[in-house]
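First the structure, in the form of C-alpha cells, and then the observations on it.
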C-alpha cells in the first residue's frame, strides 16, 4: 500500500501513543477547575415525562442474555407499530441509566473512560405510545424525558431524519431514533487531547447495550455512523462545536 499521510494521520488516532505526549498536570482537572455538569441543564418550566424504573418492568421481555447476544444483528426493517413508553424507559436505562449518583460522579450501566460519560441522548420520537412526535432529551440523573421541540408532524420528522442520514430513509420508518451527541469537554477536562479516541470507544459501549436490550424486547436497531453532520446537529439543535452528534440508531419492533 502506498504511503498516504492522510491515512497515517487518522490511523494514529487509533493508537494510544498520544497519551505520552500529554502533560496531565496541565489538564483542567489537575488545575483545580470545576468539572462540567453530568447532564445539560434545563428549565424548571420544561415539559418532563417520568419514566418507569426496573422494579416496574413486568412484561417487556423474557429472553436470556445468551439468546440476546446470539440474536444480535443490525435490523433495517421495522413493523409499523408503536413502542410503549415502558420499553423506551428500559432502552434508555440500558444505554445511559445511572445506578448511583455521588456528587459529580454518576455510575452508569455502560463503561466510560475515567467515568466521564461525554454523551447526551436525544430521541427522535416517531411512534411511541403516549408521546407526541418530536425531539426529546434523556435526563439520566432523574430518569426522565425532557420534551425539547417539534419539527413538523411525524411524517415530516421522519423525512427530515432520513435526509440527515444521507438518504437512509429506513431510519424514519422506525418507532424512534437514538441520537447521541458528544460534549467533548466532559472528557477533555480530565484527559486533554488524549480524550477523543476514548470518546469514540465509549460510543461503541453505549450502542452495543442498545443492540442487546432491543433483542430482549423483540425490537431491532442498526448503528448509523454515516450522516450529514450539519443537518443532524440542526435536527436536535446542538451547536456543532461544543456539542455535536456522533452516532445514531433507529429502533422499531420486529416480527
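Summary table
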{"quantity": "Some residue of region 80-97 being under 28 Å from residue 139 (Cβ atoms), within 17 Å of the chain's Cα centre (by Cα), free of Cβ contacts under 8 Å to residues at least 60 places away in the same chain and part of a strand (DSSP E or B)", "calculated": "no"}
{"quantity": "Residue count, region 41-68 (criterion: in a helix (DSSP H, G or I) and either in contact (Cβ under 8 Å) with a residue 40 or more places away in the chain or within 30 Å of residue 194 (Cα to Cα) (or both))", "calculated": "3"}
{"quantity": "Residues (surrounded by 10 or more Cβ atoms within 10 Å (Cβ to Cβ), within 24 Å of the chain's Cα centre (by Cα) and either within 14 Å of residue 188 (Cβ to Cβ) or modelled with pLDDT under 90 (or both)) located in region 15-48", "calculated": "35, 36, 46"}
{"quantity": "Residue 176 touching a residue at least 60 places away in the same chain (Cβ under 8 Å), under 18 Å from residue 83 (Cβ atoms), touching a helix residue (DSSP H, G or I) at 6+ places or on another chain (Cβ under 9 Å) and buried (at least 22 other Cβ atoms within 10 Å of the Cβ)", "calculated": "yes"}
{"quantity": "Criterion violated by residue 38 - all others in (1) out of contact with any strand residue (DSSP E or B) (no Cβ under 6 Å at 6 or more places or on another chain); (2) assigned to a loop (DSSP other than H, G, I, E, B) satisfied", "calculated": "(1)"}
{"quantity": "Yes/no for residue 162 being farther than 18 Å from residue 78 by Cβ and part of a helix (DSSP H, G or I)", "calculated": "no"}
{"quantity": "Residues of region 110-129 that turn out to be outside any strand (DSSP E or B), touching a helix residue (DSSP H, G or I) at 6+ places or on another chain (Cβ under 6 Å) and in contact (Cβ under 8 Å) with a residue 60 or more places away in the chain, as a count", "calculated": "7"}
{"quantity": "Qualifying residues in region 49-75 (those that are surrounded by fewer than 15 Cβ atoms within 10 Å (Cβ to Cβ) and at pLDDT 95 or above) - the one farthest from the chain's Cα centre (by Cα)", "calculated": "50"}
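The values are calculated or read from the model by the stated rules, or taken from the named source; none is laboratory data. Computed from a prediction, not measured in an experiment: that's the story for all the values here. Because the Cβ atoms are built from the backbone with ideal geometry, glycine has one as well, and the counts that use them run over all protein chains shown.
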